[in-house]
Amino acid sequence: MKLTDLTREIEVIAAGGRLDAEAREAQLAEAPAWIQVRDSRTALARAAAAVHGHPSRNMKLAGITGTNGKTTTAHLIDSIIRASEGTSAMFGTISHRIGGEATDARNTTPEASDIQRMLARAVSAGCRSAVMEVSSHAIALHRADALSFNAAVFTNLTRDHLDYHSTMESYFATKEKLFNGSLGSAPLVSVINVDDEYGVKLMGRTNGRKTTYGLVNSADVRCDEFKLSPRGLAFVAKTPSGKMEINSSLVGRPHVYNILAAIATGLALGFALDEIARGVAECRTVTGRFEQVSLETPDQPPFAVIVDYAHTDDALKNVLHTARELAGRQGRVITVFGCGGDRDQTKRAPMGEIAATLSDVAIVTSDNPRSEEPGAIIEDIEVGLKRAGRPYLRLLDRREAIFRAVAEAREGDVVLIAGKGHETYQVLRDRTIHFDDHEVAREAMMKRRGSHA
């Protein structure tokens, strides 16, 4: 592409409006690679889209935003795409994948120049559809500008990232931009959770077609009841295209919402009901999303150990309710949790209160303390723990906390290890170390089995 062609693509954001042709040519002659813009991040997104030939216009692209459920919903939609088309591209919190090639994700949503390059590669690789998580940070930093979305999904909005957005109103206004055309163009279809209060608010602020989903309020895609067991979920989904039987190995009420969102998106992308049902069934697990840890032997412990990424008060409440359903009346819920450092501090006390209230045994520990003192973070959490008025354990070392939880477990109990999910590291003040909740839990389970033997 000639530089003058690229200049034409982005001159709408040139500082001071349009330059006359003579002045522009004079500037290009003196500095042919120099273009002055009002906002470099907006320009980066538009320039990258132009350089790579606007790849999102050559495929069906689904974007997912919301506080909780983005990653699981993305994996479900990706599975539906693969069930229908054979190959896909997916970009999210855990990894960025094109066809069969995957790399670990540094950011939930890649930088604008990277996502345009990756989408162009996906088109060249034969991917006809792609799905991506769109974080609020990415929207605010214009990483998702100049993308053409066939479908945009709103999962929910609860307290998180207020260290960045300051208020819930600002947080919501950022998310809203994915749906109202502020990023360049509005999605062809907006898929909205109408059981969420912010989803209801969003309904009146979107452009284009809307498809709703939910369990409580009237919705286009819904289910009246579902069966939950340690083996997964089963329900009949009702859609504008007809009913469909859903069987999934994902466990918990939050995953019902994720599945309904994926079904609605699959329909928006033009997939058939049988392809959607098969895609949901083939998405067997999502790393660190209410994921059961098992030993690599036939002999499993008489209790469940679950690893989950829940790191907000609402997410923790949801997974604890699911853990309680699995434990039943006889079993107990033992929770290991903490809060990250250098992140939204307003959720620390609420998370402590929820953990103490909904757990039989709550163990507060370190998460990713970053530059903060781990003990100081725990003191913030303890405000909520004490407010609940129930006993709890404070163990600064996360490994020790997980070992203690597993050692305490009895038959029928559920041990929930919350906060880090898929992460395989722990970020300390002066270094980052390897730490995988799954690995540590298995070590603790093996040690317990050995000592019992």
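The values are calculated or read from the model by the stated rules, or taken from the named source; none is laboratory data. Everything quoted here is computed from the prediction, not taken from an experiment. Cβ sites come from the backbone with ideal geometry, for glycine too, and all protein chains shown count toward neighbours. Just the protein is used for accessible areas: all its heavy atoms, side chains included, with ligands, DNA and RNA removed. Shrake-Rupley method; radii C 1.70, N 1.55, O 1.52, S 1.80 Å.
Overview of values
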item: Inter-probe distance in nm under a simple model that places probes 7 Å from Cα toward Cβ, at Gln300 and Thr357; result: 3.2
item: Percentage, to the nearest whole number, of Cα pairs in segment 199-346 over 27 Å apart; result: 33
item: Karplus (6.51, -1.76, 1.60) ³J(HN,Hα), θ = phi - 60°, over segment 142-159, in Hz, Gly and Pro reported as x; result: 6, 6, 9, 5, 6, 10, 9, 9, 6, 9, 10, 10, 10, 8, 4, 9, 9, 4
item: For segment 60-67, 3J(HN,Hα) per residue [Karplus equation, 6.51 cos²θ - 1.76 cosθ + 1.60, θ = phi - 60°, Hz, x = Gly/Pro]; result: 8, 10, 10, x, 10, 9, x, 6
item: Under DSSP loop assignment and at most 14 Cβ neighbours within 10 Å, longest trypsin sites (Lys or Arg not before Pro)-free interval of the chain; result: 107-204
item: Debye intensity ratio I(q)/I(0), log10, segment 334-453, q values 0.09, 0.15 Å⁻¹ (C-alpha model); result: -0.23, -0.64
item: Solvent-accessible area of Thr87 with every protein chain in place, 1.4 Å probe, in Å² to the nearest 10; result: 40
item: Chain lengthening between Arg284 and Arg253 when straightened (0.36 nm per residue, less Cα-Cα); result: 9.6 nm
item: Over 22 Å between alpha carbons, listed pairs Lys60/Lys420; Lys175/Lys420; Lys177/Lys201; Lys175/Lys238; result: Lys60/Lys420; Lys175/Lys420; Lys175/Lys238
item: Amide H contacts of Asn368 (H built 1.01 Å from N, under 5 Å, at least 5 apart or other chain); result: Gly340, Gly341
item: Cα centroid separation, segment 117-191 to segment 301-356 (Å); result: 28
item: Dimensions in Å of segment 159-285 - Rg and Dmax from alpha carbons; result: 15.7, 44
item: Cα→Cβ-extended label distance, 7 Å offset, between Lys227 and Asp436, nm; result: 3.5
item: Accessible surface ranking that places the most exposed of Ile263, Ile35 first, with a 1.4 angstrom probe; result: Ile35, Ile263
item: Segment Asp163-Lys386, length gained on full extension (0.36 nm per residue, minus Cα span); result: 77.9 nm
item: J(HN,Hα) series, segment 313-328, from Karplus relation 6.51 cos²θ - 1.76 cosθ + 1.60, nearest Hz, glycine and proline x; result: 5, 5, 5, 5, 4, 5, 6, 5, 5, 5, 4, 5, 4, 6, 5, x
item: Lys, Arg +1 and Asp, Glu -1 on Cβ, resulting dipole of the chain about Cα centre, debye, nearest 20; result: 680
item: Taking only Cα atoms of segment 104-176, radius of gyration then Dmax in Å; result: 13.7, 42
item: Asn156 long-range amide H proximity, modeled H, under 5 Å; result: Thr67, Asn68
item: 10 Å-binned pair-distance histogram of the chain (Cα, whole percent); result: 4, 20, 28, 25, 15, 5, 2, 1, 0
item: Sequence-distant lysines (8 or more away, or on other chains) whose Cα lies within less than 19 Å of Lys243; result: Lys227
item: Equivalent ellipsoid semi-axes, segment 142-209, via Cα gyration tensor eigenvalues times 5, rooted, Å; result: 19, 15, 9
item: Over segment 40-161 - Rg/Rh using Cα atoms and the Kirkwood inverse-distance radius; result: 0.94
